[in-house]
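Remarks on the structure that follows.
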Amino acid sequence: MKWIERQRAFMDYTLSSLWRRKLRNLALLMVYTLVIFLLSSVIFFTDALRKEAAAVLEAGPEMIVQRTVGGRHSLIPVAYAERIERIRGASSVRPRLWGYYYHQASRTNYTILVPETFSGPDDTVQTGGGVLRTWGALWDGRMYFRTHDGNSLFLLPTSAMSDGADLVTADLILMSEPTFRKISGVPEGHATDLVVRVRNERERPTVAEKIVRELPDTRPILREEIARTYAAIFDWRAGYVVVLLGSAVLAFFIFAWDKATGLSAEEKTEIGILKGIGWDTSDVLMMKFWEGAVVSVSAFALGAITGYVHVYFASASLFEHALKGWSILYPKFTLRPQVSAYQLAVLFFLTVVPYTLLTVVPTWKVAVTDPDAVMRR
Amino acid sequence: MIRLASITKTFNAGQPNEFQALKGIDLEVALDAVSVFAGPSGSGKTTLLSLLGCMSRPTSGRIWLEGREITSLPERFAVRIRRETFGFIFQNYNLVKGITVLENTMLPAYPTGVSHRSVRDRALSLLEGLGIASKAGQHVENLSGGEQQRVAIARALINDPAIIIADEPTAHLDSSLARRLLEIFGGFRREGKTILIACHDPLIIESPVVDRVVFMRDGRIVPHDH
Amino acid sequence: MIINPAIIALVGGSLLITAFALYALATALRILRHWDIRSGSEGQLALERKTYLISTIFAYLLGFELFSLFLFVFTAEHMHGLFVGAMCAAGSLGVNDYGYPTLILKTVTFMFCGVWVIVNHTDNRCSDYPLIRPKYRLLILLTVLMGLGTFLQTGYFAGLRADVITSCCGTLFSGDTESIAAGIAGLPAGATRIAFYLTVILTLRVGIHVLVTGRGAGAFGLLAGMTTVVSLIALISFIAPYYYELPTHHCPFCLLQEDYNYIGYPLYLSLFTAGVTGAGTGVLGLLKGPPSLEAVIPSLQRRLCLFSMAGFAIFTLMATWPMVFGDFVLGS
């Protein structure tokens, strides 16, 4: 009980002391918050992208087979599918048609794709969340497309896809196979790539090996490999940006150190008085601990919340290009809000821990003021 | 009783500006009495007060407070004795600016862990007794010198110490305020408190409230002022 | 080398912690050489002031060590996707030779740090600081541990290569490979269970003895240390499978995941608390000193002992809960 009363009293004093020097403390709080905001944005954003990518892959095929010509991805003959189907372990093979479409009017790249089953008629398309928003003017309710041989094609957008990960569907336009071939110019008998289904997870590498042996000009890609690569890239990007932000963080720590070292004469006098009237060094340290805790917790909460809003409601507009790393012509998309204890723990360890340690020594220096100094003044 | 045996205090030892503030003090100070340490500035009386009040440790020599040796106590323990036994009234009052009279009065009780409510009640009754209860909610910088001193006195009494230490208490007071202060001290004396004062104000030295005067000069105790 | 924010935080944090421990060490050496409580010299006063700084630094370091222990495991968990075959933290830690030693050293450092804080607290309650020399000698060891931990951890992260083939927790703790971990998982659950309950009961019994008579603290400390180790073994051997409801899943890290309601946190926190306070009880029991020390030790020791017993009791209750109230039964 006594312990609680003591802490309460120190807390009381700390709050009133912080309030008395609100301008000074506000400056510190703002810089602190800014640093946490920047770091939390990076962490939230890359994690969200990582999760979106994982969600996309989860639904995606276990194995894709591409054909390479001259070391570059090329169209694959649909006939390859039958040869792969004969390989033991490959349960089904399906040709896939997809590509990019550059729309001059909006100067934006869209992904066009033929889904496994397209229900509408040939002159309709289904669009993702961001497509109609960015597309621009419609002609009589229809979207204007320019086919690969220069002709015009008007397609009716029927429904917008809303489910699934926004990241992928945002720029997606679904269409029927004949329409796709007209627009993209992919000839009959060819596909963009093949999707191979392998039931048994452990057999996938073996099947992949057999495919390469059977069809030497192909390149099978496993889903796990993509997932791993994505995860590595997002992690690496986040780490890299944190390193880049390192100078800002370091500047903040120097600023905090300086603040803690260069206490105003008034504040030093005040601590001298407290020592003189019977506060112990550890009491002053305790009071300063609460001060640091209040500042850190406020900055942490403010910074993390603004970072959260920035990433999930403002699409991380400050540095999406640095982290997203796809085409800058990409339409806007929003991420599904999510925050984990792990992200917060990392953020805490990156900011509050160094801040606390760095302010210990300057704080102690003031706290050990001689009690009798107050009599010698 | 407080007993001092061959106390010395050296500042900046081993440096060019080394300065010996006290040079071998042997003294017994009675409790339940008003004692004054008189002497010109630089005579070591303030240093002696800070040693008596467990604020600092002597460079050599020993001090016993009611039979207990306090010289070798580290700060952590000395401070506890100081909080429980001594109340301090400083020359410049040393109130914390920007907070109220009431908060200033309560400050020494914060580390004791006594409940906020009872400290507050005690502070208010002390301020009442000193006639400044009406100023409890004001910031200290808005008070007059005499009022500030009474806040300092209330603060010194908040932990109910047995010994009150006052450093040059009349330095900033006119004669009538100084006499009022002596009356207050007289009241403490009747309550059985010990009062140790450092000053060279004849008004105090010659006051009937004072039981004993110790004259000091150049860090030593001298028989008389003259 | 893999870089992500967590790794930067962990490596940077460890470097900072070690730097502060080294700074404390420098002070400790000065204290060991020059300490003289009888003196009122300015040098001695300065040293006494330094002890406040060291106390504060290590109080923070204790918290940060615990925090970094969990963050380390969490980071290993987070990275498992980068390594072929790693299904959780267990796999990530096995990627190179530094992973598990780092984890063990971090745990040991945390325990030591806890004991140091307890000894320091005790010493600070005696006006003649009777433990000043032993505690600053212990600080040297602690600093070495922290430095070593930083070295191992940096080695671990520096040695990481994504896509390295590694064993996952399915194989690491599956009981058919020749490793210590698998050895633990392969222990007969029945015998481990008996050993676990026996040590816990014995510890609690000795604890009661300490509480009542104030004697036997050393034995309690020893038992508490043993029970902590046995509990960790029991956790892998049979407690974890009960929570996973899978006889082959022995992983001690997946318990920290959301899928299992973060049950790992209370489990580990109660066990660590019990271990540290138990070891503290024992260490205080072994200390001999002047009357001032004898005066403060008994009450402190009782409180620590009580904490330790409570920790073990809570851990045991949580470990027993799924066995009694769950549907899953670990086959013979």
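Of A:Pro354, A:Pro331, all but one fail to be at pLDDT 90 or above and either within 8 Å of another protein chain (Cβ to nearest Cβ) or touching a Gly at 6+ places or on another chain (Cβ under 7 Å) (or both); the exception is A:Pro354.
All conditions but one from (1) assigned to a helix (DSSP H, G or I); (2) open to solvent by 60 Å² or more (accessible area, probe 1.4 Å); (3) not assigned by TED's automatic domain parsing to the domain that holds A:Trp364 apply to A:Ser247; the one that does not is (3). On the stretch given as region B:80-96, residues that are in a loop (DSSP other than H, G, I, E, B) and more than 7 Å from chain A (Cβ to nearest Cβ) total 3.
Hey, could you check region A:43-98 for residues that are acidic (Asp, Glu) and more than 26 Å from the chain's Cα centre (by Cα) and say which is least open to solvent (accessible area, probe 1.4 Å)? Top of the filtered list is A:Glu85.
Please work out if C:Thr122 is closer than 21 Å to C:Ile3 by Cβ, modelled with pLDDT of 90 or more and either more than 13 Å from the chain's Cα centre (by Cα) or in a helix (DSSP H, G or I) (or both).
The answer is no for C:Thr122.
If the requirement is being basic (Lys, Arg) and more than 11 Å from chain A (Cβ to nearest Cβ), which of these qualifies: B:Arg57, B:Arg62? Checking each option against the conditions leaves just B:Arg62. In region C:258-274, the residues that are closer than 15 Å to A:Ser340 by Cα form Cβ pairs under 8 Å with partners that are crowded, with 18+ Cβ neighbours inside 10 Å, at six or more places apart or across chains, as follows: C:Tyr262/C:Leu256. Of the residues C:Tyr129, C:Tyr156, the single one that is at positive phi and surrounded by 18 or more Cβ atoms within 10 Å (Cβ to Cβ) is C:Tyr129.
Please specify each residue of region A:266-301 satisfying the condition of being among the acidic types (Asp, Glu) and closer than 21 Å to A:Val35 by Cβ. Explain how you work it out, then say what you get.
Going through region A:266-301, the residues among the acidic types (Asp, Glu) turn out to be A:266-267, A:270, A:280, A:283, A:291.
A:Glu291, the sole residue that qualifies.
Among the residues of region A:255-274, the ones that are open to solvent by 40 Å² or more (accessible area, probe 1.4 Å) and within 14 Å of chain B (Cβ to nearest Cβ) come to 4 in all.
Going by the structure shown, is A:Phe234 among the aromatic types (Phe, Trp, Tyr) and more than 14 Å from every other protein chain (Cβ to nearest Cβ)? Talk me through it step by step, then tell me what you get.
Values: among the aromatic types (Phe, Trp, Tyr): yes; more than 14 Å from every other protein chain (Cβ to nearest Cβ): no.
Considered against the rule, which asks whether it is among the aromatic types (Phe, Trp, Tyr) and more than 14 Å from every other protein chain (Cβ to nearest Cβ), A:Phe234 comes out as no.
Yes/no per residue for (1) open to solvent by 50 Å² or more (accessible area, probe 1.4 Å); (2) assigned to a helix (DSSP H, G or I); (3) more than 17 Å from C:Lys135 (Cβ to Cβ):
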{"site": "C:Phe272", "(1), (2), (3)": "no, yes, yes"}
{"site": "C:Gly275", "(1), (2), (3)": "no, yes, yes"}
{"site": "C:Gly282", "(1), (2), (3)": "no, yes, no"}
{"site": "C:Leu293", "(1), (2), (3)": "no, yes, no"}
{"site": "C:Ser299", "(1), (2), (3)": "yes, yes, yes"}
{"site": "C:Arg303", "(1), (2), (3)": "yes, yes, yes"}
{"site": "C:Ser308", "(1), (2), (3)": "no, yes, yes"}
{"site": "C:Ala313", "(1), (2), (3)": "no, yes, yes"}
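So, in region B:125-166, exactly how many residues are over 13 Å from the mean Cα position of the chain (by Cα) and either outside any helix (DSSP H, G or I) or among the small types (Gly, Ala, Ser) (or both)?
The initial filter retains those residues of region B:125-166 that are over 13 Å from the mean Cα position of the chain (by Cα), namely B:125-148, B:150-151, B:158-160.
From the residues that got through so far, the ones that are either outside any helix (DSSP H, G or I) or among the small types (Gly, Ala, Ser) (or both) too are B:125, B:129-134, B:136-139, B:143-146, B:158-160.
The total comes to 18.
In the set C:Ala6, C:Ala19, only one residue is facing chain A (nearest Cβ under 9 Å) and surrounded by fewer than 18 Cβ atoms within 10 Å (Cβ to Cβ); that residue is C:Ala19. Within region C:81-90, restricting attention to residues that are open to solvent by 30 Å² or more (accessible area, probe 1.4 Å) and touching a residue at least 40 places away in the same chain (Cβ under 8 Å), the residue that is farthest from the other protein chains (Cβ to nearest Cβ) is C:Met87.
Look at region C:27-42: where a residue is within 14 Å of chain B (Cβ to nearest Cβ) and of a type in the set (A, V, I, L, M, F, W, C), no partner that is part of a loop (DSSP other than H, G, I, E, B) and surrounded by fewer than 15 Cβ atoms within 10 Å (Cβ to Cβ) sits 6+ places away or on another chain with Cβ atoms under 6 Å.
In region A:193-224, the qualifying residues are those that are within 21 Å of A:Pro95 (Cβ to Cβ) and among the acidic types (Asp, Glu), and the one that is farthest from the chain's Cα centre (by Cα) is A:Glu214.
The values are calculated or read from the model by the stated rules, or taken from the named source; none is laboratory data. None of the values given here were measured: they were computed from a predicted structure. Here the Cβ is made from the backbone with ideal geometry for all residues, glycine too, and neighbour counts use every protein chain on show. Note: areas computed on protein heavy atoms with side chains; ligands, DNA, RNA excluded. Shrake-Rupley method; radii C 1.70, N 1.55, O 1.52, S 1.80 Å.
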